[in-house]
1. I'd like the full set of residues that are modelled with pLDDT of 90 or more and open to solvent by 50 Å² or more (accessible area, probe 1.4 Å), limited to segment 169-220.
2. Checking the condition among the hydroxyl-bearing types (S, T, Y) and open to solvent by less than 10 Å² (accessible area, probe 1.4 Å), which residue from Y572, Y580 passes?
3. Can you tell me how many residues in segment 363-378 are open to solvent by 50 Å² or more (accessible area, probe 1.4 Å) and either closer than 14 Å to W395 by Cβ or at pLDDT below 95 (or both)?
4. For segment 359-373, state whether one or more residues are part of a strand (DSSP E or B), over 30 Å from the mean Cα position of the chain (by Cα) and among the polar types (S, T, N, Q).
5. Consider only pairs whose beta carbons are under 6 Å apart and that are at least six residues apart or on different chains; among these, list those whose first residue lies in segment 294-312 and is touching a residue at least 24 places away in the same chain (Cβ under 8 Å) and under 20 Å from L414 (Cα atoms) and whose second residue is among the aromatic types (F, W, Y) and in a helix (DSSP H, G or I).
6. Just for segment 622-634: of the residues that are at pLDDT 90 or above and touching a helix residue (DSSP H, G or I) at 6+ places or on another chain (Cβ under 9 Å), which one is most open to solvent (accessible area, probe 1.4 Å)?
7. Looking only at segment 544-564, which residues are in a helix (DSSP H, G or I) and under 16 Å from G459 (Cβ atoms)?
8. Could you figure out which of (1) in a loop (DSSP other than H, G, I, E, B); (2) crowded, with 24+ Cβ neighbours inside 10 Å isn't true of G410?
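The values are calculated or read from the model by the stated rules, or taken from the named source; none is laboratory data. Keep in mind it's a predicted model, so treat the numbers as computed, not measured. Note that each Cβ is placed from the backbone with ideal geometry, even for glycine, and that neighbours are counted across all protein chains shown. Just the protein is used for accessible areas: all its heavy atoms, side chains included, with ligands, DNA and RNA removed. Shrake-Rupley method; radii C 1.70, N 1.55, O 1.52, S 1.80 Å.
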Amino acid sequence: MRLFLRVTLALLFLAFGAGMAAVAVFLGLYLYYAPGLPAVDSLREVRLQTPMQVYSADGQLIGEFAEQRREPIAVSEMPERLLQAFVAAEDERFYQHRGVDPLGLLRAGIHVFSTGERTQGGSTITMQLARNFFLTRDRTYERKLREIFLALQIERELTKDEIIELYLNKIFLGQRAYGVSAASRVYFGRSLEELELDQIAILAALPKAPSTTNPITSPERAQNRRNYVLRRMLQLGMITPEEHADAVARPVLGQRHAASTEVDAHWVAEAARQIVVNLWGDDAYVRGLRIHTTIDGAAQEAANAALRDGLIAYDQRHGYRGPEMRLEASLVEDPDARRQILAELGASGRLLFPAVVLESDDGGVLVDGAGVGEHRLAGEALDWAKPSGTSVPDWLRRGDVVRIQPTTEGDWRLSQVPEVTGAVVAQAPGDGAILALAGGFDFFDNRFNRALQAERQPGSAFKPLLYALALRDGMMPTSTVMDAPLVLGDPALGAEWRPENYSRSFRGATTLREALASSRNLASIRLLNTVGVEKTHADLGRFGLRRAQHPRSLSLALGTGTLTPVEMNNAYIPFANGGYLTTPWLITRIEAVDGTLLYQAPTERACPAPCEDPAGQQLPLVAAQGPLQFAEPVPTLEPGIAWQMSQMLGGVIRSGTGRRALELGREDLAGKTGTTNSYRDAWFVGFNAELAATAWIGFDDNRELGSREAGARAALPIWMGFMQRSLAGTPEAPIERPEDLVEVALLPETGQRTTDDDPRGYREWLLPEQIPERGASVPAATDDPDTREDRGRRIESQPEFIF
């Protein structure tokens, strides 16, 4: 008995001594590492990386950019079940321990002793927080000690709610998602409060191996980990057996959800991103910047719809190219397999859904569409694509992958992704703000922004600029110009250019108003010759054009230079606003994540209501004028000339090449068609006092659009579709006549001025310098190109038929 007591006491003293030694070692290690540990106070002021977000003028999200997807959220806004799930999975004694769980460490120590392997077992939520913010993920004893000491410091200085809030906002959960709120959006497309129990368990299962056990990369592993979390929640009394059974029975569906934008304006968002990244570099992705733009949400959706409708209409006029691909029979027979393939293809333009043909007979086809179910296509749904003299099974067979498109009647029809492309851009004439911009059919198919980047020939859409300069040169809308055959060239080389009108016909002497309305090529060349090539070329800056992109030759009259759709649109704005040249601009203001104003354009449009002094709130964006940045409009045309041009362009719609636009039922619209050599580009540029818009259509590789695919046929319907949607319910907005015009009476036969009471006369609004003397004829364009400065000028390129 005495021996037993002595042995027991010896063991107790030994254990006590070992414990004291361990404490001494622990304290010594702490004193050694403590000076090098980061300050825990910094956690209170930590700025979690938040994405750059781009908004429309009406506050709708149009884009989000980030290296890491993160949506910080307060712990008070997190569902209780979510907190329970993470505690059950990661640290069941989180609310009892003080940063370190001795039982967990003991379990990890036993594992190391028994296997010789170092693991991360025993880490509490607080220890994981310390590692995520301050330490590396190296599996070393030294890092583990630093982690323990940091966790103890964190627990002394932060509350449990502060700790778990930081943890759940910081932790990586796979698929570039950091934090539970972002992960909820990525994996389920839902906010946290919308999640079901099984989905909460999936999130809580991710911290151990987020890249390999998430529901997208490995649904089976995700299901196993989810079930483990649910079992732990049941064992800890957090859920009932019924809730557990229901959650375990649910399938794990893997699908990545992109950031949910409210307006489809990806080209705009990308343009804004480039501007901001050029200013702040990659730091712009993590500062939580809020970029507010000039984009009008309704106008943007109108531009998207009009462009897509127009491109599809053109594409279908030129026939069906056949199925995109064919699936093997085994894939067609497996609904899950075929739908997975279709889901990967995705809908193009949010409009054309991939579908696989399940049945094909003389009456039509049965297709299974990605996310839209099975549909029968027959009759008109197929007629546009059906080759002459064939039956449906000859050109559509089981396994073919096609595109289907919803109709306005609620049915579906066969379609295809257009090869042709285009652009729509709209601006406010008052200040040049970009209200809508669509750079192609689908941003995710091709990110090239044709509205801002495509250098294309404008064709006859260029002519109004020449006619405006002719009016500035003293001519007037009723001045005459000869529309007759013309041969130009360099006799020394024997080269000749014989330009022609689109109609191959001639009208003889015609007024500028009529020549512009009917887009007469020969009259326009003579007009340019009268005004002067060099003078006209030098004045292109009045319309914001880059002179280097346009030739110094008579072919300039036919739009053989190059420009972008936004440049073309902006060049017309002086006709709509009384003669002021604007700068296309996009960003109204930039705010930090806390709402601090970093930049604001010096204009009322950029100032949130109520706005008393917009100029007084200006902050510099860059030292020099940047791309798509606001600039004050500057006078470039006399108001009277701008108004005369608006009336002449109104004639294009009333009686000229744009008369199809009369279908819109408005009297305040003006514009001009444009078609280039061999039908490679088709344009329509038009406006009223409140809205200026351009539609362009063409191929990226500059191939021909096809016979008769002129501006009036290919581009005008797109412009009309946009204006119809954008102006619906709005009052007429005609261009107001300025005060610098005088009403005079002219004789219709000669254009001579007559008395106001002469019954033969008609009324014309002219500038004082345009008014002819009584008895004098109106100015006319010369009939002979060799009488002006361009005598003997060589035409470097030989266009064909352009109108």
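1. Of everything in segment 169-220, those that are modelled with pLDDT of 90 or more and open to solvent by 50 Å² or more (accessible area, probe 1.4 Å) turn out to be E193, E194, E196.
2. Details: Y580 fails: open to solvent by less than 10 Å² (accessible area, probe 1.4 Å).
Only one candidate passes the filter, namely Y572.
3. Taking segment 363-378 and keeping what is open to solvent by 50 Å² or more (accessible area, probe 1.4 Å), we get 371, 374, 376.
Pick out the ones that are also either closer than 14 Å to W395 by Cβ or at pLDDT below 95 (or both) and you get 371, 374.
Of the residues in segment 363-378, 2 are open to solvent by 50 Å² or more (accessible area, probe 1.4 Å) and either closer than 14 Å to W395 by Cβ or at pLDDT below 95 (or both).
4. yes
5. What qualifies is A306/F722.
6. Within segment 622-634, the first condition is being at pLDDT 90 or above, and the residues that meet it are 630-634.
Checking the rest, the ones that are also touching a helix residue (DSSP H, G or I) at 6+ places or on another chain (Cβ under 9 Å) come to 630, 633.
Values: F630: 15, P633: 32 Å².
Looking at the filtered set, the residue picked out is P633.
7. As a first pass, look at segment 544-564 and keep what is in a helix (DSSP H, G or I): 547-549, 554-558.
Within segment 544-564, Q549, L554, S555, L556, A557, L558 qualify.
8. Every condition holds for G410 apart from (2).
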